[in-house]
Amino acid sequence: MAQTAQDLSRLRVRGCDLFLLEKWDADSALSPDKQMRQIFARFLALPLPERQVRPTPSRCRTDASCGLDILALARPYAERNIDGECLLLRTYYGPGRDDAFKAVVRICNESGGPYHQRFLSDAARYGYGEDWQRVFSLMPQLLEPNPRYGYEEERVAAFAEAQEAKGYDPEALGELLLSDRFNHYHLASKVGVLYVMDEETLGEDEDGSPVSHEDREILTVWYDAYRKTVRWRRDRADYVDDHMALLQTASIDDHTVWTEAEVGENYDWDGPVGPRSTEEGGESDSDGESEHAGDP
C-alpha cells in the first residue's frame, strides 16, 4: 500500500523519526533503506535519556512536515504506523514453510479477540533466523519506555527492593524464586512484547518428520529498552491467541502467562542485569546494585 503525505501526517512523530530527519544526507550514495538502518544504529547507540527526549509540538510540526518525503522514502508505512498492536514477527523462511506460516496465521485469527494483530512477514526484510532483535534496527520506537514513568529510576528501585527484602539468600534461590523475588524488577524493565515465528515454530521436527500445525509453538518475548530479553515462553498458537487478549486488556503481574515464563539470560543469576550469586566464595554485589540494575 502506497503511503501518502496525508497518511504520514496522521502518524505520531517519534524521537527516532526526528533523529532520522536530522541526520539524513540527501546526497548519500547509500540506498534510502541502508541509510535509514545506519542512522537508526546510531540512534540506538545513544544513552537512553537522549533517546527519550520528547520533541516539542512545534518541532514535530516543522520537522515532520518538511520531512514527509524522507519518511515516506525511508520508512515503510507499516513499520512506522505501529501503535498498540500485537506484533507477530516471522523470522524463518525455509523452503516450503509458507503453508506452515499461513496455518499459524489462521489459528491466531480464529478467536477474534478485542485486539489488532500485525503480521510482519518479508524474507528480504525480516529473515533474521534466531536473531529476532534485529527488528529494532528498523523500528526503534518499539523500545520506547512509557514516558509517564521514570524507567531507570523504577528499575533501580525495584532491583534494590528485591535484594533488601527479608529472607533474601542468593545461595538458596532457584529459578522459580528468582522470577518471584525479582518480579517487580522484571515488570519495571519490560517495555514491550513480541511474538516470534522462527524455525522452531515453522520448521520440521528434529527427525525431519512433519509437525501438526496445531502443535506449532510461537515464541513470546518480553524485552527491555536495551533489546535484552526479560522473560520468554513458547506456547501453541491457539494458546498464544488467547493470551494476546489478556496482555492487551489486563494486568499480567500475577498471571501464569507471566509468572511461569522463563527468565531471560541477561536477567538470570550473574547476567549483565541480573542479581549476583555468591558462588565460588564470592559476595553478592550489594554495593553496586543500582549501577548493576541500570547497565544496558
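Quick notes on this one:
- Selection status of residue 102, modelled with pLDDT of 85 or more, assigned by TED's automatic domain parsing to the domain that holds residue 124 and out of contact with any helix residue (DSSP H, G or I) (no Cβ under 6 Å at 6 or more places or on another chain): yes
- Filtering 110, 130, 79, 85 for residues that are at pLDDT 90 or above and acidic (Asp, Glu) leaves a single hit, 130.
- Flag if residue 187 is over 21 Å from residue 126 (Cα atoms), at pLDDT 90 or above, under 14 Å from the mean Cα position of the chain (by Cα) and assigned by TED's automatic domain parsing to the domain that holds residue 236: yes
- Every pair of residues 6+ apart whose Cβ atoms lie under 7 Å, when the first sits in the stretch 77-102 and is more than 21 Å from residue 220 (Cβ to Cβ) while the second is modelled with pLDDT of 90 or more and assigned to a helix (DSSP H, G or I): 94/199
- Any hit, the stretch 268-277, residues being within 22 Å of residue 121 (Cα to Cα), crowded, with 16+ Cβ neighbours inside 10 Å, acidic (Asp, Glu) and at pLDDT 90 or above: no
- Residue within the stretch 216-223 that is in a helix (DSSP H, G or I) and within 21 Å of residue 88 (Cβ to Cβ) present: no
- Leading residue by the ranking (farthest from residue 201 (Cα to Cα)) among those in the stretch 250-261 that are crowded, with 16+ Cβ neighbours inside 10 Å and at pLDDT 85 or above: 258
- On the stretch given as the stretch 10-64, residues that are under 17 Å from residue 135 (Cβ atoms), at pLDDT below 95 and in contact with a Pro (Cβ under 7 Å, 6 or more places away or on another chain) total 1.
- Filter pass, residue 207 being out of contact with any strand residue (DSSP E or B) (no Cβ under 8 Å at 6 or more places or on another chain), assigned by TED's automatic domain parsing to the domain that holds residue 100, of a type outside the set (Val, Ile, Thr) and modelled with pLDDT under 70: yes
This table checks each residue for (1) touching a helix residue (DSSP H, G or I) at 6+ places or on another chain (Cβ under 8 Å); (2) closer than 25 Å to residue 100 by Cα; (3) at pLDDT below 85; (4) not assigned by TED's automatic domain parsing to the domain that holds residue 180.
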| residue | (1), (2), (3), (4) |
| --- | --- |
| 220 | yes, yes, no, no |
| 226 | yes, no, no, no |
| 248 | no, no, yes, no |
| 263 | yes, no, no, no |
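- Scanning the stretch 229-255 for residues that are touching a residue at least 60 places away in the same chain (Cβ under 8 Å) and part of a loop (DSSP other than H, G, I, E, B) returns a single hit, 253.
- Filtered residues of the stretch 144-183 (kept if modelled with pLDDT under 85, crowded, with 17+ Cβ neighbours inside 10 Å and part of a loop (DSSP other than H, G, I, E, B)): 173
The values are calculated or read from the model by the stated rules, or taken from the named source; none is laboratory data. Only a predicted model underlies this, so the values are computations on that prediction, with no experimental measurement involved. Glycine gets a Cβ as well: all are built from the backbone with ideal geometry, and neighbour counts include every protein chain shown.
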